[in-house]
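First the structure, in the form of structure tokens, and then the observations on it.
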Amino acid sequence: MATKGVLYNDGIKIHANTDAEADYISRSLLELFNREPVHKKRIKGRRGYELFFFCDSAVKYIANISDEALMSQCKCESCKTSFLRGIFLSVGRMSDPDKAFHLEFSLGERAKMFMPLFSQIDMTPKYIERKNEKIIYFKNSNEICDFLAAIDEGQIAMDLINYGIRNQYKNYANRRANIESSNILRSVEVGLKQVEAITKLKESGKLALLPDDLRITAELRLEYSDISLSVLGSMLNPPISKSGVNHRLQKIIAFAESIE
């Protein structure tokens, strides 16, 4: 009632999004005030229902609601947990973690009034106005998990943490695969350029003009075009390093380009 109840004529009007929520509100009002809503009306053009409730003590509560009044309901840890849990169940919305981590509470004109309540669990939500809604929200996954733990939803908080870890690992694996694919593509392109240059020299009869060390390297590269530079270097006599092979191949390419 603190999150959704508004004064209406001589009573209170409460909005419910679903049948299940409307039934839950009705049962709660019966338990707290020993009476049920006198009328439930489907909202035209919008989702949900409006419940109309008449009770002097409830009207007095809504008329005098304030941040001090809200804080007074959270004097003990159990009361605090129950009240925050009620806020989450009545007006809380959480996004699909596949898309983003986001938890928000649509609290209307009382949005800023509820913000000090979260300081009781060392949390500071952000505030935004969106269309006709006034919302306080969390976007940080750690804050969302802390809130869930604070309302005794530790298992859901752990599931969310594990989900975040899996997403981070998945993103890392995708980035690693993209980098490796890029490196492979770059190596293939360089290898093709080397083979094209050596083939050009061979077909033009210019290969024999190269110094022996470059010519031998070129002939091996042409014969074993799909092996790595490290392996190619180990096949030379004497063996040379990967960077040494690359240096020779760059000279061969430069020579081939110079005879165009």
Pick from the stretch 224-235, criterion touching a residue at least 12 places away in the same chain (Cβ under 8 Å) and within 17 Å of Gln194 (Cα to Cα), ranking: surrounded by the fewest Cβ atoms within 10 Å (Cβ to Cβ): Asp226
Kindly evaluate Thr81 against the criterion of being polar (S, T, N, Q), at pLDDT 75 or above and farther than 27 Å from Ala20 by Cα. no
Can you name the number of the only condition in (1) out of contact with any strand residue (DSSP E or B) (no Cβ under 9 Å at 6 or more places or on another chain); (2) at pLDDT 75 or above; (3) not hydrophobic (A, V, I, L, M, F, W, C) that Asp67 fails? (2)
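Look at Gly191 and say whether it is within 20 Å of Leu236 (Cα to Cα) and either modelled with pLDDT under 85 or touching a Cys at 6+ places or on another chain (Cβ under 7 Å) (or both).
When the stated conditions are applied, Gly191 passes them.
The values are calculated or read from the model by the stated rules, or taken from the named source; none is laboratory data. As the structure is a prediction and not an experimental result, all values here were calculated from the model. Ideal geometry is used to build each Cβ from the backbone, glycine not excepted, and the neighbour counts take in all protein chains shown.
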